[in-house]
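Q: Input: one structure, supplied below.
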Amino acid sequence: FTQNVIVSRGATTIKERVRPSVAGGIGRSFRRPRRNSTSNRSVDSTLTFRTFFEREHKRLFVKEGPLMKTAAKFTDPSERYLFLCSDVLLIAQSTSRGHKRFKLKERVLLRHAWVTDTLSLTGDGSIPDRGLIFGTPCKVYHFLASSSEEKTEWFGLLHSHIFTQKRLFQKLLSHLSIPDERYFCVRAKAKTHHIGILKDELSFRGGEEVWVMGFKEDGGEGGEKWKPGLYATQQPFNPSPEWYFGSQKNGSFGWFPAQCSFGADSKRLEPSMEELKPATMSVVLGLKQRMRELTGRQVAPLTESERAVKVCMGEGNFKMLRIPSQGRVEDVVRKYFRPRPERSRQWTLVAQSLDESFQRLLGDDEDPGEVVDFWGKSKDQMRFVLKQTMATNHTSSHLLTLVS
């Protein structure tokens, strides 16, 4: 939807002059749901990211009506007419009396949106009882309803359908594999605010720095180039380039709509190799752990030759050891002190990243080989450090519990 919109209430359809195929989809959105229709569909590995949502969700008309668009402090109101469907919001301006003809101002996919009626973005006042804030990847709308009851209805419907669409996005993530690449980040300034609703979303204000994660790939004659996203291999779905994965200085990380980083411009991030920064291992390992929780999958084991890592004791003292599978911490420590295994009794292992953003004490019963498998392609950025300990019992810890 890019130009004029014609709404016909008798036929309950919306026609669009520029993209008829999309208009047909909106027309179908105004139909009532069929009884006994099935919503649970099997996931087809040939689906694209976009068609996943089309298959998993049937678009339905929800509500229409006027709201007043205002400035950031809820002043200078001007009317907008909203058409809410279960997965999209059309923000239009009436061009005739009686609300019969409209000019479309913005079409917003609800999976990219957020809404609040409690968090003031200006920092110098609260939101009026009749007000709400609706965010898109391109701009933030401040709306006033005719009454607090009307605001409550709009807010409840928007929040409910936004949450449903974001849960579909989370369902999509559960079909992916655990990412395993050497990741590099590029710094970008957010063009607008984004408030994450789900645990896996990143929240930020406009103007804040976000490090967008990606990887290097062969660019042919032009050499290596950076590509945003987490997967260089074929996946059933690929969230990028519609969604980016990013992190912030405070250590938080998550997904956000890609357009938040370049606004209404069509130009996407195209950094030079000099602008790239290796992703911190705390973010990389935290991401892999979260994807393991979402997918229920295990990482593919490395071969014995690939499982060679540094085991260090003090600065400059280290050995390259092949970590056996299905072993214990004491096996690695004993191997390090060979041929004097009696020295191994007072030592344990700490998993530590070379950038010092991550470290964790391994439990006595933990399998160091499984830990190295989890590091995957990032194992060259990790090491085991020997830590002297007293004769105390160590409780087993989770594979990726971060410790300060």
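Q: Each label point is 7 Å from the Cα along the Cα-to-Cβ direction; what then is the distance between the points at Ser146 and Glu209, in nm?
A: For the pair Ser146/Glu209, the computed spacing is 4.9 nm.
Q: Moving on. Gain in length, Leu198 to Lys100, computed as 0.36 nm per residue apart minus the alpha-carbon separation, to one decimal in nm? Walk me through the numbers before you get to the answer.
A: Values: separation 98, 0.36 × 98 = 35.28 nm, distance 3.73 nm.
Difference between extended and current length: 31.5 nm.
Q: Also, I was wondering about something else. I'd like the FRET efficiency for Ser78 and Lys249, computed as 1/(1 + (r/R0)^6) with the beta carbon distance as r and R0 of 30 Å, rounded to 0.05. Numbers along the way, then the final one.
A: Values: r = 38 Å, r/R0 = 1.27.
The computed FRET efficiency comes out at 0.20.
Q: Using the charge dipole of the stretch 185-323 (Lys, Arg: +1 at Cβ; Asp, Glu: -1 at Cβ; taken about the Cα centre), state which of Ser272, Gly314, Gly229 has its Cα farthest towards the positive end.
A: Gly314
Q: Highest mean first, what order results for 95-105, 64-74 on Cβ atoms within 10 Å? Each step should come with its number before you reach the end.
A: Details: 95-105: 13.0, 64-74: 16.4.
Packing order, densest peptide first, comes out as 64-74, 95-105.
Q: Please compute the alpha carbon radius of gyration of the stretch 308-388, then divide it by the globular-protein estimate 2.2 N^0.38 Å. Two decimals is fine. Working shown, then result.
A: Values: Rg = 11.6 Å, N = 81, 2.2 N^0.38 = 11.7 Å.
For the stretch 308-388, the normalised Cα radius of gyration is 0.99.
Q: Treat the count of other C-beta atoms within 10 Å as a stand-in for reagent exposure and order Lys288, Lys310 from fewest to most.
A: Values: Lys288 20, Lys310 16.
Fewest-to-most Cβ neighbours within 10 Å comes out as Lys310, Lys288.
Q: Counting other beta carbons within 10 Å of each Cβ, put Val186, Val333 in order, fewest first. Spell out each step's value before the answer.
A: Working: Val186 20, Val333 24.
The order, fewest Cβ neighbours first, is Val186, Val333.
Q: Something else about it: Taking the Cβ of each residue in Ile178, Ile162 as the centre, tally the other Cβ atoms inside 10 Å and list the residues starting with the fewest.
A: Details: Ile178 19, Ile162 23.
Ranked by crowding around the Cβ, least crowded first: Ile178, Ile162.
Q: In addition: Using only the alpha carbons of the stretch 194-270, determine the length spanned along each of the three principal axes and report them from longest to shortest in whole angstroms.
A: 40, 28, 24
Q: So if we plug the beta-carbon distance of Phe163 and Ala308 into 1/(1 + (r/R0)^6) with R0 = 51 Å, what FRET efficiency do we get, rounded to 0.05? Don't skip to the end; give the middle numbers.
A: Working: r = 46 Å, r/R0 = 0.91.
So, using R0 = 51 Å, E works out to roughly 0.65.
Where a number appears in this text, it was derived from the coordinates with a stated rule and is not lab data. Just so you know, these numbers come straight off a predicted model, no measurement behind them. Cβ atoms come from the backbone with ideal geometry, glycine included; neighbour counts cover every protein chain shown.
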